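Every number in this text was worked out from the coordinates using simple rules, so none of it is lab data. Please read all numbers here as calculations on a predicted model, not as lab measurements. Please note: Cβ atoms are built from the backbone with ideal geometry, for glycine as well, and neighbour counts cover all protein chains shown.
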Amino acid sequence: MNVEAATLLRLAEHPRIVAVKEASANMDQIATILRDRPADFSVLAGDDTWTMPMLALGGDGVICTCSNEIPAEMAELCDAAFACDWEEARRIHEHWLPLMKANFVGGPNPVPVKAALSMMGLCSDALRMPLMALEEPVPGAAAPDHGGSRTARPRQRAPARRSPSPRPADPRRDPLPPRHA
């Protein structure tokens with residue numbers, strides 16, 4: 001379900017609403033939100049293939065499927081964009097674009113990414129019902145290649161990074177107060 005830009009911008013003024021995962025795939029809407037949002041409201045790309053364009057327009061980061069497979073590489077893409085190294089950000093984006101697209105072919109999310117993670121040796125290929133395994137590999141979609149092998153070496157998760165933001169800290173981002181019984 002899409003929330004129109006005007007509605008989202010009104011919601012962004014609420015002290016408990018501090019960010020949005022923007023996955024409308026509507027560039028006019030995305031550009032309007034990024035241009036008109038309050039200074040303390042974060043906009044995160046919610047579609048893997050839109051990460052680079054949204055960062056270029058001033059987005060604050062990404063919540064994406066392919067970060068399960070290539071977390072360090074997606075962090076590098078964001079870091080390059082935040083440093084205004086657009087050539088490097090574009091290079092990373094273009095390199096991983098086939099994987100970003102393949103993650104949504106052959107079955108509903110999370111089936112394709114789970115298949116890739118299994119090929120990488122990072123998890124089993126078991127799925128919960130009612131999900132079904134991919135019947136055949138998606139053409140051109142191999143597990144991410146990290147150093148010459150078709151199966152990635154297991155690696156430690158990269159530590160969470162906070163994006164450098166030109167916006168001041170916001171006291172509204174404090175955790176919610178405890179509930180009273």
Rg from C-alpha atoms of the stretch 1-57, normalised by the globular rule of thumb 2.2 N^0.38 Å, equals 1.02
Tell me, what ³J(HN,Hα) does each residue in the stretch 40-47 have, in order and in whole Hz, if you take phi through Karplus 6.51 cos²θ - 1.76 cosθ + 1.60 with θ = phi - 60° and put x for Gly and Pro?
9, 10, 8, 10, 10, 5, x, 9
Once phi is turned into ³J(HN,Hα) by the Karplus curve 6.51 cos²θ - 1.76 cosθ + 1.60 with θ = phi - 60°, what whole-Hz value does each residue of the stretch 92-100 show in order, with x for glycine and proline?
5, 4, 5, 4, 9, 4, x, 5, 4
Quick one: GLU76, GLU69, GLU87, GLU94, fewest Cβ neighbours within 10 Å first, how do they rank?
GLU87, GLU94, GLU76, GLU69
From phi via Karplus (6.51, -1.76, 1.60), per-residue ³J(HN,Hα) for the stretch 25-36 in Hz, x at Gly/Pro:
6, 10, 4, 4, 5, 4, 4, 5, 4, 5, 6, 9
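How big is the Rg/Rh ratio for the stretch 1-127, C-alpha atoms only, Rh by Kirkwood, two decimals?
On the way: Rg = 15.7 Å, Rh = 15.6 Å.
We get a ratio of 1.01 for the stretch 1-127.
Just check the stretch 36-92 against the gyration tensor rule for me: Cα atoms, a ≥ b ≥ c as the square roots of the eigenvalues, rounded for a/c under 1.5, and otherwise prolate or oblate depending on whether a/b exceeds b/c. Spell out each step's value before the answer.
On the way: a/c = 2.05, a/b = 1.31, b/c = 1.57.
It is oblate, given that a/c is not under 1.5 and a/b is not larger than b/c.
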